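Participant: Structure incoming, see below.
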Amino acid sequence: MSITHLLPGRLGFGTAPLGNMFRAIPDEEAAATVAAAWDQGIRYFDTAPFYGAGLSEIRLGDVLAQHPRDDYVLSTKVGRVVLNETEDPAARDLGEKGGLFEHGRPNKMVNDYTADATLRSIEDSLKRLRTDRLDIVWVHDVAQDFYGDEWLAAYESARTGAFRVLTRLREEGVIKAWGLGVNRVEPLELTLDLDEPRPDAFLLAGRYTLLDHDRALQRLLPAAAEHDVDLVVGGPYSSGILAGGAHFEYQKAPAEIVTKVERIKALARQHSIGIKAAALQFALAHPATAAAIPGATRPSRIAEDLAALDERIPAAFWTALRDEKLISAEAPVPTAV
């Protein structure tokens, strides 16, 4: 039930920002960013209908259509169906993520995890992505941050709908793997407790980072390793705050997070390393982590990510983080070479 054999490397490209997350991105800039990722060797790309109501998929597909399909790995998500009718993107109810894609396409999105909607979502994604197949499909956002107290109802709809459809598609060879793509650990823990179905991997955004990893360490990651379910880390820079941005959890970072980041930055300066390198390598250090997929909207960011992956970080830096209780004493850290 692992996906490590599918992934071409430990660094992929998360394309949520290409859906005009936080700002309106020119088509040319989005295309140049995907092209830069390709030119610098990135071969795993993740997207979703939710990202700008299909905008990210369209932009990604326009570039990837120029390359042989066998040369890259592609994942997208189900759980939201994009309609032809329109609405005000800024007025959508996105739970804790209000206004996230207010610059995206105006197409109305419907939350639907049923079997029929799952099949329709895949069919629509294939058209937007200009491809004939998907490698990995994630069931998107069946968690508290989008559904509040109703999240278990959404989860149950997915369990009896999307989970079963994706299991069948995997068995038939239509897709190679499936799992959940969420921002919370609880749905993943619940899934691991089920006898059936069995996912191949999880895409977990924001919950295994330098700033937030305690809960995942306690139960999720040991259980995932026991079940041979890999973890793909989304949002390794915590919505940008660990990469020079101002957002945490997709909103303006609160004062306590800004203070914590400044403490980490101070230690990084003392050890002459970049905080992006620390963030990315920390996320990849856990043995259950198969890959990390930072996002980008500028071509230069791709080179920065690759450099961060290769930067040498002294063991003394990780010791200092532990000593100042900035990371858990139980968290695996990279081994200095």
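Participant: What is the one condition in (1) part of a loop (DSSP other than H, G, I, E, B); (2) within 27 Å of Ala246 (Cα to Cα) that Gly41 does not satisfy?
Facilitator: Condition not satisfied by Gly41: (2).
Participant: While we're here: Please go through segment 145-158 and give me each residue that is under 21 Å from the mean Cα position of the chain (by Cα) and surrounded by fewer than 20 Cβ atoms within 10 Å (Cβ to Cβ), ordered by number.
Facilitator: Asp145, Tyr147, Gly148
Participant: Out of Tyr250, Tyr208, which single residue is open to solvent by 40 Å² or more (accessible area, probe 1.4 Å), in contact with a helix residue (DSSP H, G or I) (Cβ under 8 Å, 6 or more places away or on another chain), within 24 Å of Val78 (Cβ to Cβ) and among the aromatic types (Phe, Trp, Tyr)?
Facilitator: Tyr250
Participant: What are the pairs with Cβ atoms under 9 angstrom where one residue, in segment 26-51, is at positive phi and the other, located anywhere, is open to solvent by 40 Å² or more (accessible area, probe 1.4 Å) and not in a helix (DSSP H, G or I)? Sequence gap at least six, or different chains.
Facilitator: Gly41/Pro8
Participant: Might you check whether a residue that is out of contact with any helix residue (DSSP H, G or I) (no Cβ under 6 Å at 6 or more places or on another chain), hydroxyl-bearing (Ser, Thr, Tyr) and part of a helix (DSSP H, G or I) occurs anywhere in segment 307-323?
Facilitator: Within segment 307-323 (the criterion being out of contact with any helix residue (DSSP H, G or I) (no Cβ under 6 Å at 6 or more places or on another chain), hydroxyl-bearing (Ser, Thr, Tyr) and part of a helix (DSSP H, G or I)), the answer is yes, since at least one residue qualifies.
Participant: Out of the residues in segment 126-154 meeting the condition of being in a helix (DSSP H, G or I) and in contact with a helix residue (DSSP H, G or I) (Cβ under 6 Å, 6 or more places away or on another chain), tell me which one is nearest to Gly61 (Cα to Cα).
Facilitator: Leu129
Participant: Which of the residues that make up segment 283-310 are closer than 14 Å to Leu242 by Cβ and acidic (Asp, Glu)?
Facilitator: Result: Glu304, Asp305.
The values are calculated or read from the model by the stated rules, or taken from the named source; none is laboratory data. Just so you know, these numbers come straight off a predicted model, no measurement behind them. Because the Cβ atoms are built from the backbone with ideal geometry, glycine has one as well, and the counts that use them run over all protein chains shown. Note: areas computed on protein heavy atoms with side chains; ligands, DNA, RNA excluded. Shrake-Rupley method; radii C 1.70, N 1.55, O 1.52, S 1.80 Å.
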